[in-house]
Amino acid sequence: MIKDSPYYNKFFKEPWSYVTGAVILAILNVALFAASGSPWGVTSVFIYWGAWILQALGGHPETWAFFQGEAGKTLANGFLAHAGSFRNIGIIVGALLATLLASEFKIKKIKSGRQAIAAILGGLLMGYGARISFGCNIGALFSGIASMSLHGWIYLVFIFFGAWVGSKLLVKFFI
């Protein structure tokens, strides 16, 4: 049986070391940059996803100032022509596969309305923060530091501060 294989356990079941993960991410980041000419990013793609959904519903985001110029060309080319869409789908599918292969997938019940409100509010704040900082922990932090940009290091300081505040709020209100 495949689950009894030592290779299955080593590569899919057991967690990888931080060094292994860092080396693999670095290699993939360099390969992505070499192939595409741009650093790895995630959140900018969501702008296009929202615009494509709005277009499908009859809206006209192509008339907005943001979608004039290069962003308008990307919008006009569509979902299937955008490499970032495939990368984001790959992240989602890859995370699901990794969780399933490690037998760690669980659907958790929401314990209270307060927990649901906190999750929604936290998600909205994280999304807003990702957009005003021109990226999330991948685009602004990982790619920012890898490209030796000052904004990546500033993001690192504030993501630690935000995580500290968030952990204090979590302990105070939910644990």
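The values are calculated or read from the model by the stated rules, or taken from the named source; none is laboratory data. Computed from a predicted structure; not experimentally measured. Virtual Cβ from ideal backbone geometry, glycine too; neighbours counted across all protein chains shown.
The condition of being modelled with pLDDT under 90, loosely packed, with under 11 Cβ neighbours inside 10 Å, in contact with a helix residue (DSSP H, G or I) (Cβ under 6 Å, 6 or more places away or on another chain) and farther than 15 Å from GLY41 by Cα does not hold for ILE175. Among the conditions (1) free of Cβ contacts under 8 Å to residues at least 24 places away in the same chain; (2) not in a helix (DSSP H, G or I), the only one that GLY135 does not satisfy is (1).
With respect to being over 20 Å from VAL165 (Cβ atoms) and either touching a helix residue (DSSP H, G or I) at 6+ places or on another chain (Cβ under 7 Å) or surrounded by fewer than 17 Cβ atoms within 10 Å (Cβ to Cβ) (or both), GLY122 falls outside the description.
Within the set of pairs 6+ apart or on separate chains, which have a first residue in the stretch 2-27 that is more than 15 Å from ILE138 (Cα to Cα), a second that is exposed (fewer than 11 other Cβ atoms within 10 Å of the Cβ) and not basic (Lys, Arg), and C-beta atoms under 6 Å apart? From the stretch 2-27, the pairs are TYR8/ILE2. Exactly one residue among GLY94, GLY84, GLY90, GLY113 is of a type outside the set (S, T, N, Q) and touching a Ser or Thr at 6+ places or on another chain (Cβ under 9 Å), and that residue is GLY84. Per the listing ILE107, ILE91, the residue uniquely within 30 Å of ASN9 (Cβ to Cβ), loosely packed, with under 10 Cβ neighbours inside 10 Å and among the β-branched types (Val, Ile, Thr) is ILE107.
For the stretch 33-45, a tally of residues being without any contact (Cβ under 8 Å) to a residue 24 or more places away in the chain and in contact with a Lys or Arg (Cβ under 9 Å, 6 or more places away or on another chain) returns 0.
For the stretch 84-131, the tally of residues that are without any contact (Cβ under 8 Å) to a residue 60 or more places away in the chain, part of a helix (DSSP H, G or I) and within 19 Å of VAL171 (Cβ to Cβ) stands at 9. Exactly one condition in (1) in contact with a Lys or Arg (Cβ under 8 Å, 6 or more places away or on another chain); (2) loosely packed, with under 11 Cβ neighbours inside 10 Å is not met by THR63; state its number. Failing condition for THR63: (1).
Where helices (runs of 4 or more DSSP H) sit wholly within the stretch 18-83, those with at least 2 residues that are of a type in the set (A, V, I, L, M) and touching a Pro at 6+ places or on another chain (Cβ under 9 Å) occupy 43-56.
Which of the residues spanning the stretch 138-157 are of a type outside the set (A, V, I, L, M) and either modelled with pLDDT under 90 or not in a helix (DSSP H, G or I) (or both)? If the condition is that a residue be of a type outside the set (A, V, I, L, M) and either modelled with pLDDT under 90 or not in a helix (DSSP H, G or I) (or both), then GLY139, PHE142, SER143, GLY144, SER147, SER149, HIS151, GLY152, TYR155 are the ones that fit.
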